[in-house]
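Here is the structure we will look at.
The values are calculated or read from the model by the stated rules, or taken from the named source; none is laboratory data. Everything quoted here is computed from the prediction, not taken from an experiment. Glycine gets a Cβ as well: all are built from the backbone with ideal geometry, and neighbour counts include every protein chain shown.
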Amino acid sequence: MGEMPARPLRADAERSVRAVLEAAERVLAEDPGASMEQIAAAAGVARTTIHRRFANRQSLIEALALSAARQLAQAVDDGRPDTAPPLVAMHRITANVLQVKGAWAFALGLPADPDSEAAVLQQEIDRRCVAVLRRAQDEKVIDAAADLEWVRRVYYALIGESLHGKADGSDADGADPDVLAARIIDTLLHGAGPRA
């Protein structure tokens, strides 16, 4: 364990890593078998640059998954889950998460090693989600008898389905994250039953 902490990257090195990860998301979403060389070309960096930063394709994939998980965790944080009123937090978090999941669908769909930092981040996101739902339950927005773990799973499923759009690839809501977030929260809290 006595490893030295990684030195911060120079700004230009950080930019090239970000460009590689963004290119990896685009390229691998189109062709999951794409090579490091194809990713380097799409990122506009030399093949040697990508190999210097990532020991192999697996390390690039792991870095991609971790970067996406960190962005997802930041999207949750930006919704102020602990301090904003629960419905406000749920709406903000949902809109933020839709944007991140839309941009990083391939990376966020990768199976995470249970011991990886990405998996730990996902567990923390799940925990924070249930905490917001508990706050909503305390304010009587969610039924007192509701199983919050089940509510979380339904909420995640609604987010996932909203990102798929219609069968023809279009989306009636125009993929506006705020409109979709309002629809998701409304469906989560009221289902498809008649309104009073």
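Quick check: is even one residue across the stretch 90-98 closer than 30 Å to R153 by Cβ and assigned by TED's automatic domain parsing to the domain that holds R18? Write out each step before concluding.
Of the residues in the stretch 90-98, the ones closer than 30 Å to R153 by Cβ are 90-98.
The next check asks that each one be assigned by TED's automatic domain parsing to the domain that holds R18; those that pass are none.
Within the stretch 90-98, not a single residue is closer than 30 Å to R153 by Cβ and assigned by TED's automatic domain parsing to the domain that holds R18.
When only residues in the stretch 97-128 that are among the acidic types (D, E) and over 25 Å from W150 (Cβ atoms) count, which is modelled with the highest pLDDT?
Going through the qualifying residues, I end up with E117.
Answer yes or no as to whether L64 is assigned to a helix (DSSP H, G or I), at negative phi and touching a Ser or Thr at 6+ places or on another chain (Cβ under 6 Å).
No: the conditions fail for L64.
Please tell me if P81 is in a loop (DSSP other than H, G, I, E, B) and within 23 Å of A23 (Cβ to Cβ).
Here the answer is no, as P81 does not meet what is asked.
Report yes if some residue within the stretch 64-77 is among the aliphatic types (A, V, I, L, M), touching a Leu at 6+ places or on another chain (Cβ under 6 Å), under 30 Å from R134 (Cα atoms) and surrounded by fewer than 19 Cβ atoms within 10 Å (Cβ to Cβ); otherwise report no.
Looking for residues that are among the aliphatic types (A, V, I, L, M), touching a Leu at 6+ places or on another chain (Cβ under 6 Å), under 30 Å from R134 (Cα atoms) and surrounded by fewer than 19 Cβ atoms within 10 Å (Cβ to Cβ), one finds at least one in the stretch 64-77, hence yes.
Is it the case that some residue within the stretch 119-140 is part of a loop (DSSP other than H, G, I, E, B) and β-branched (V, I, T)?
No; the residues of the stretch 119-140 include none that is part of a loop (DSSP other than H, G, I, E, B) and β-branched (V, I, T).
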